[in-house]
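Inspection log for the structure reproduced underneath, given as structure tokens.
Quick note: the coordinates plus some simple rules give every number you see, no bench work behind them. These figures come from a predicted structure and were not determined experimentally. Cβ placement follows ideal geometry from the backbone for every residue including glycine, while neighbour counts extend to all protein chains displayed.
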Amino acid sequence: MFETAEAAEVFVVELADFSGPLDLLLSLIRDEQIDIYDIPIARVAEQFLARISTLKLDEAADYLEMAARLLRIKAQMLLPRREGEDAWEDPRAELVRRLLEYQQVREVVDLLEKLSEERRSRFARAYLPNPVVPPPTGALSFSLAELLGAVDRVIRIARKPNIHEVIPRALDVDGAIGVVRAILAMRAKAQWTDVVPKKAEPWQVLSVLLALLELAKLGELRLDQPRAFAPVEISRDTSSEAA
Amino acid sequence: MASNIDEPSENVDMALAELRDHYEQDGHGVELLEVAGGWQILTRPEYTEAIERAQLAARPQRLSAAALETLAIIAYRQPLGRAEIEEIRGVNAGAILKSLHERGLIDVTGRGEGMGRPLLYGTTPTFLEQLALRHLEELPRADELAIALRSPRPALQNGSEQQQEETQQTGA
């Protein structure tokens with residue numbers, strides 16, 4: 001028991017490290033390498049009390065409740081058992097069950113943590129769960145005066161709208177038309193990736209897109225997509241039927 | 001996604017598979033995943049930092065250990081009430097249940113039979129979405145976990161009684 005007092009002094013942990021009394025108890029059992037099915041309850045109760053006072057947890061009701069529970073089990077263990085009494089129930093059984101159950105929860109926590117960490121590193125545009133259809137409600141009843149009063153309040157509360165000025169970013173469609181024409185002057189067919197510069201900025205991509213559409217409209221080229229999501233083919237030959 | 005479309009479901013599935021392969025093979029920054037009974041387009045993990053650097057999106061807040069414990073319990077025991085959660089965790093759960101509910105991860109799914117007809121909680125589709133799970137069955141079954149809830153060691157019932165008496169004597 002001398003070791004206990006020493007260990008308690010050396011052992012400095014923060015409250016945030018434990019998510020509850022069961023967590024603290026489990027860490028105690030792990031540190032002391034105790035068999036969970038055969039807990040030396042007197043020693044563990046003493047250490048638990050020492051820990052919650054050094055951790056300044058002794059005002060936390062949840063930890064105090066566990067301390068009281070441990071002391072009660074300790075007392076029950078000390079009660080003499082009659083010789084030949086067959087149905088002796090280990091007073092520690094319930095605690096062991098709870099500790100195992102809690103350990104299982106911690107295992108699931110590790111799993112959930114891993115999954116949510118993986119998911120946190122991916123972005124989605126949004127998530128819309130299937131809409132829940134609200135139960136039908138009865139018709140509202142109110143007078144015209146109430147309605148007008150409400151409208152009046154809303155008008156008074158409503159602020160002036162925020163008006164933003166949107167400045168368009170210049171696109172270089174003419175430049176892109178020049179590039180596409182130059183490429184098609186050299187070869188009869190080209191692909192989207194041939195006409196868009198590598199590591200293109202969004203404005204460049206948009207410029208090329210508008211240029212292609214403009215040239216297609218003018219009949220200078222033809223755009224084909226053999227199937228959905230396939231790469232777009234750009235061809236000089238506009239003689240066959242228009243797309 | 002893909003829940004309210006007037007198309008035979010096999011057509012939708014085929015189109016989704018095609019889109020998924022397309023994202024897979026043509027070197028796209030996104031992939032198509034089956035999630036929470038639907039489909040979702042997600043950016044690939046290797047681009048997380050670039051996306052955050054460009055301030056296009058921010059990662060959601062991490063869940064605390066206490067929140068994860070509570071979620072773990074609800075996921076495996078639902079529907080269940082606050083008292084059962086507190087019994088398993090040994091800690092008051094009110095504040096955590098409130099914040100999990102606010103984040104849309106759990107919802108009230110009914111009322112219990114017991115005293116005061118307690119609210120019963122369950123996980124939501126958003127919970128599945130936040131873990132990129134297709135359905136709850138994708139989590140390991142309780143008996144597949146390393147620490148399964150087994151009955152106490154047989155030794156405790158038979159042989160160890162003397163051993164217990166010994167420890168008891170030395171303890172006393």
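Some notes on this structure:
- Derived scalar couplings ³J(HN,Hα) [the range A:99-108; Karplus, 6.51 cos²θ - 1.76 cosθ + 1.60; whole Hz; x for Gly, Pro]: 5, 5, 4, 5, 4, 5, 4, 5, 5, 5
- Applying 1/(1 + (r/R0)^6) with R0 = 45 Å to the Cβ-Cβ distance of B:Glu34 and A:Ala61 gives a FRET efficiency near 0.50.
- Taking only the Cα atoms of the range A:173-235, the ratio Rg/Rh comes out at 0.93, with Rh defined as the Kirkwood radius.
- Estimated FRET transfer efficiency (A:Leu218, B:Ala58; beta-carbon r; R0 45 Å; 0.05): 0.50
- The label-point distance for A:Ala124 and A:Trp203, in a model that sets each label 7 Å from Cα toward Cβ, rounds to 3.5 nm.
- Average beta-carbon neighbours from other chains, 10 Å sphere, peptide B:13-21: 1
- Length gained when the stretch B:Asp13-B:Tyr47 is fully extended (0.36 nm per residue, less Cα-Cα span): 9.5 nm
- Averaged over B:64-71, number of beta-carbon atoms from partner chains that fall within 10 Å: 6
- Low-density loop positions, chymotrypsin sites (Phe, Trp or Tyr not before Pro), the range A:179-243 - DSSP coil, at most 14 other Cβ in 10 Å: A:Phe229
- The amide H of B:Arg134, built 1.01 Å from its N in the peptide plane, has B:Ala36 as neighbours under 5 Å, considering only residues 5 or more places off or on other chains.
- Interatomic Cα distance distribution for the range B:65-144, bins of 10 angstrom, percent: 18, 54, 26, 2
- FRET efficiency, B:His135 to A:Glu113 (Cβ-Cβ, R0 22 Å, nearest 0.05): 0.65
- Sorted largest first, extent of the range B:9-53 alpha carbons per principal axis (Å): 40, 25, 9
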